[in-house]
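Working notes for the structure below.
The values are calculated or read from the model by the stated rules, or taken from the named source; none is laboratory data. Please read all numbers here as calculations on a predicted model, not as lab measurements. Neighbour counts run over all protein chains shown; Cβ positions are idealised from the backbone, glycine included. Keep in mind that these areas ignore ligands, DNA and RNA; they rest on the heavy atoms of the full protein, side chains included. Shrake-Rupley method; radii C 1.70, N 1.55, O 1.52, S 1.80 Å.
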Amino acid sequence: MGDKGTSNHSGVTDFILVGFRVGPELHILLFLLFLLVYAMILLGNIGMMIIIMTDPRLNTPMYFFLGNLSFIDLFYSSVIAPKAMSNFWTESKSISFAGCVAQFFLFTLFIVAEGFLLAAMAYDRFIAICNPLLYSVHMSTRLCAQLVAGCYFCGCISSVLQTSMTFTLSFCASRAVDHFYCDTRPIQRLSCTNLSIHKIISFTLASIIILPTALVIVISYMYIVSTVLKIHSTEGRKKAFSTCSSHLGVVSVLYGAVFFMYLTPDRFPELSKLASLCYSLVTPMLNPLIYSLRNKDVKDALSKLLDKKKFSL
């Protein structure tokens with residue numbers, strides 16, 4: 001396989017994932033680091049889903065959303081991590097054109113769905129704190145299912161549009177994707193097509209995704225803070241804020257990494273890779289920890305599950 005592509009994308013049969021530009025002596029260390037992070041992702045998110053499904057006390061809208069968050073984190077990290085780890089052991093580091101398309105499509109679908117899901121979780125907290133007496137009426141099982149389905153639908157539509165725009169470009173430069181997975185900007189750099197219109201459409205699409213979700217989160221928390229400050233008892237304020245702190249931590253990590261990546265100039269690709277690493281692997285690893293360490297219900301359910309295991313043994 002040569003490094004030069006043809007004048008049309010149909011001539012491209014595979015890409016090369018360059019990954020991190022480090023010496024071969026660090027590949028084993030990076031492989032072990034990725035393996036540790038991915039093992040924690042599997043353990044944490046599968047464990048969280050098991051806890052939520054097996055404990056009747058967690059049969060609430062908040063934990064229904066949290067279970068879907070764990071599923072999304074587990075899935076999109078699994079799209080990235082295995083291939084990234086295998087590339088530390090191979091010389092070619094190639095990925096087929098179809099494999100690159102599939103990786104891009106699935107990752108985009110689930111990362112966009114997570115953004116909308118976090119907005120739905122913020123709305124859930126807003127109803128729980130600002131309208132607690134009507135919480136069960138507003139956040140019905142049907143509405144929760146519709147919100148989650150809407151998150152996946154928006155992710156799917158966005159992914160179809162972004163994937164079709166990206167992989168219908170003409171690739172006539174090097175096939176080496178300067179990243180550890182197939183992402184938009186590194187793939188765009190391989191194209192000899194005029195990207196002006198493409199970038200405008202991509203920016204518009206990203207704005208349509210990020211601005212409404214961020215707006216829902218910000219407005220929800222403005223109302224939440226206003227309501228909590230009206231609570232006279234310190235214990236009541238502490239309890240109200242404790243239900244939101246985990247969600248705020250997850251939102252801060254994800255949105256912080258995404259904004260950092262997209263604000264990083266193209267001339268600093270390694271910084272972009274670090275930001276991508278944060279939201280593609282570090283965030284899915286931290287989410288179960290954030291919710292389990294700061295949530296009394298989850299800790300109680302985990303203790304109950306472990307006690308059952310001990311008793312059965």
Check your understanding: Right, L66: open to solvent by 20 Å² or more (accessible area, probe 1.4 Å) and either assigned to a helix (DSSP H, G or I) or over 27 Å from S245 (Cα atoms) (or both) or not?
Key -> no
Review point. Which numbered condition trips up T193, out of (1) more than 30 Å from F171 (Cα to Cα); (2) surrounded by 14 or more Cβ atoms within 10 Å (Cβ to Cβ); (3) without any contact (Cβ under 8 Å) to a residue 60 or more places away in the chain; (4) hydroxyl-bearing (S, T, Y)?
Key: (1)
Review point. Could we say that A275 is hydrophobic (A, V, I, L, M, F, W, C) and in contact (Cβ under 8 Å) with a residue 60 or more places away in the chain here?
Key: no
Study note, to complete from the structure: Counting only residues that are over 19 Å from S164 (Cβ atoms) and either surrounded by 14 or more Cβ atoms within 10 Å (Cβ to Cβ) or of a type in the set (K, R) (or both), segment 198-213 contains a total of 3
Review point. Y223 versus (1) out of contact with any helix residue (DSSP H, G or I) (no Cβ under 6 Å at 6 or more places or on another chain); (2) open to solvent by 80 Å² or more (accessible area, probe 1.4 Å): which is the lone unmet condition?
Key: (1)
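Residue by residue, here is whether (1) modelled with pLDDT of 90 or more; (2) crowded, with 23+ Cβ neighbours inside 10 Å; (3) among the small types (G, A, S) holds:
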{"residue": "I80", "(1), (2), (3)": "yes, yes, no"}
{"residue": "E91", "(1), (2), (3)": "no, no, no"}
{"residue": "L106", "(1), (2), (3)": "yes, no, no"}
{"residue": "A128", "(1), (2), (3)": "yes, no, yes"}
Practice item. Could you list, in sequence order, all residues of segment 163-193 that are closer than 20 Å to Y262 by Cα and either charged (D, E, K, R) or modelled with pLDDT under 85 (or both)? Key: D178, D183, R185, R189
Check your understanding: If you go through segment 69-102, how many residues are assigned to a helix (DSSP H, G or I) and among the β-branched types (V, I, T)?
Key -> 4
Practice item. Being at pLDDT 75 or above and of a type in the set (K, R) is the filter here, so list the residues in segment 268-303 that pass it. Key: K273
Review point. Based on what the data block shows, is Y262 closer than 21 Å to T108 by Cα, in contact (Cβ under 8 Å) with a residue 40 or more places away in the chain and open to solvent by 60 Å² or more (accessible area, probe 1.4 Å)?
Key: yes
**Study point:** Flag if K238 is in a helix (DSSP H, G or I) and closer than 25 Å to C154 by Cα
**Key:** no
**Study point:** Positions within segment 13-41 being open to solvent by 60 Å² or more (accessible area, probe 1.4 Å) and either modelled with pLDDT of 95 or more or among the hydrophobic types (A, V, I, L, M, F, W, C) (or both), in sequence order
**Key:** L26, I28, L29, L32, L33, L35, L36, M40
